[in-house]
Amino acid sequence: MTIQSVKPGRRLASLSALMTVSVLTRLLVNTANQLFFPFLAVMAAGMGTDVVVLGRLLGLRSLMGIFALLFDGLAERWGYRSAMRAELLIGVAGLVLVGASANLWSALLGMLLMGLGFYSFVPTLRAYLSFQIPYAHRARGFGILEYSWALSGIVGLYAMGRLIDWVGWRAPFFVLAAGLIVAWFVFGNLPPTERSATVRPAAPVLGVAQRVHQFFTFASNRRSAWGAIFAGALVNFGVLHIFTVYGVWLADGYGLQAGQLGTVALVFGGVDLCGSVLVSLVADRLGKRRSVLFGLAGCLALFILLPVLDRSLVWVVAALALSRFFFEFGTVSHMSLVSEQVPSQRGKVVTLSFATGVVGGALSGFTGPLAYAEYGVAGLAPVGAVAVALGYLLIWGWVKEPLDEHRASFTIVN
């Protein structure tokens, strides 16, 4: 069947409520996904292991994002609303398992379920919203959605740091699970994606190799689409190679405890919010491709300077915070850029982009903690800088700014 646009009046009338629900739910999901980063050492001690082993488990958790590709097909069959609710339930089960874990194996199972549920939920939500927001205004919509990433630091991780200090490392998992159960009920009331009654003719039966080839083949704009997808994966790896272990770095080098690391997460959340707000204000006019290049250039410059700035806590936190700002500006712009590379296969492109980004993040879970354990900061910044530089070159050399055929057809009502 083919996708049919929602009538503008109906879409715009429900946009504010839809974005509010999406941001609040993503706030909880993002807090769960980032929970280990500032508190990696605390969580490792609570689970009776070390940061290198827990980093590897985080890598395995991230690899579950590959299965988001399966949920893309399920979303087409079930509808995006039903798929998102199923993904939330899987993630909640993972949170409860980790919080109640008696050994590392049960914690691993819970982390795998968290990865499967939450890393599948994020691209499904993005694809769902891509059908609701025209490309001319999509950077604004996605910028607002990514306020949730910033708020997970300002509100979520800061609160979780205090909760760990007061109650213990298990408490955040149960609090987040309870909030997401509420979100599961709310998502049952979201409007489904409207479709036409046109039915596709029956497809010929294909072999496994043919189906795989067909899945990874885009109808148009292949070079640009794959360039955008692989650039996102490289940048995600480079940034998370550093940020997976920033909590361990600040604890070892500057003696920060869980509550203080929560405060640092709050600072990072503040600059993330500034990046998202700036995208929502200027990226549609500046151009998504140009915005991505600007963000990556700033992030790259700061990564190069990190070893030099590792002289005081203030300089390190300032450099990391600024790099987060540029990364947030670039990556939110990248989401909009990717979403219109192949409009006829938007769900597939968005999901593939997210899945490859997750693979990059999963690899960083293995490389970041190990590099820091072996080489300290010298093992973090150069690797991150090279990966971001390669992503920049791919965007600059391969990726096109899509033409927006509907720019004049829609307006956003405040």
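Please give the number of the condition Arg81 fails out of (1) crowded, with 19+ Cβ neighbours inside 10 Å; (2) among the charged types (D, E, K, R); (3) modelled with pLDDT under 85.
Result: Arg81 fails condition (1) only.
Which pairs have Cβ atoms under 6 Å, sit 6 or more apart or on different chains, and link a residue in the range 335-347 that is farther than 15 Å from Leu125 by Cα to one that is at pLDDT 80 or above and polar (S, T, N, Q)?
Cβ pairs passing all conditions: Gln341/Ser224.
Among (1) crowded, with 21+ Cβ neighbours inside 10 Å; (2) of a type outside the set (Gly, Ala, Ser); (3) not in a helix (DSSP H, G or I), which single condition is Val292 missing?
(3)
Inspect the range 318-325 for any residue being without any contact (Cβ under 8 Å) to a residue 24 or more places away in the chain and under 24 Å from Leu261 (Cα atoms) and give the result as yes or no. Full working, then the answer.
So the first thing to find is which residues in the range 318-325 are without any contact (Cβ under 8 Å) to a residue 24 or more places away in the chain, and the list is 318-319.
If we keep only those that are under 24 Å from Leu261 (Cα atoms) too, we end up with 318-319.
Within the range 318-325, one or more residues are without any contact (Cβ under 8 Å) to a residue 24 or more places away in the chain and under 24 Å from Leu261 (Cα atoms).
Answer with yes or no whether Phe142 is at pLDDT below 85 and either hydrophobic (A, V, I, L, M, F, W, C) or at positive phi (or both). Outline the logic, then answer.
Numbers: at pLDDT below 85: yes; either hydrophobic (A, V, I, L, M, F, W, C) or at positive phi (or both): yes.
Taking the combined requirement at face value, the residue satisfies it.
For the condition at pLDDT 90 or above, surrounded by 19 or more Cβ atoms within 10 Å (Cβ to Cβ) and at negative phi, what is the one hit in Ser276, Ser323?
Answer to the selection: Ser323.
Is it true that Gly91 is part of a helix (DSSP H, G or I) and modelled with pLDDT under 85? Can you show your working first?
On the way: part of a helix (DSSP H, G or I): yes; modelled with pLDDT under 85: no.
Answer is no for this residue.
In the range 104-147, what residues are farther than 12 Å from Met19 by Cβ and of a type in the set (Gly, Ala, Ser)?
Residues satisfying the conditions are Ser106, Ala107, Gly110, Gly115, Gly117, Ser120, Ala127, Ser130, Ala136, Ala139.
Ala102 fails exactly one of the following numbered conditions: (1) surrounded by 24 or more Cβ atoms within 10 Å (Cβ to Cβ); (2) outside any helix (DSSP H, G or I); (3) among the aliphatic types (A, V, I, L, M). What is the number of that condition?
Going through (1) surrounded by 24 or more Cβ atoms within 10 Å (Cβ to Cβ); (2) outside any helix (DSSP H, G or I); (3) among the aliphatic types (A, V, I, L, M) one by one, Ala102 breaks only (1).
A quick yes/no check of all residues on (1) at positive phi; (2) surrounded by fewer than 23 Cβ atoms within 10 Å (Cβ to Cβ); (3) aliphatic (A, V, I, L, M):
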{"site": "Phe121", "(1), (2), (3)": "no, no, no"}
{"site": "Trp149", "(1), (2), (3)": "no, no, no"}
{"site": "Met160", "(1), (2), (3)": "no, no, yes"}
{"site": "Phe174", "(1), (2), (3)": "no, yes, no"}
{"site": "Trp184", "(1), (2), (3)": "no, yes, no"}
{"site": "Pro191", "(1), (2), (3)": "no, yes, no"}
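The values are calculated or read from the model by the stated rules, or taken from the named source; none is laboratory data. Keep in mind it's a predicted model, so treat the numbers as computed, not measured. Neighbour counts run over all protein chains shown; Cβ positions are idealised from the backbone, glycine included.
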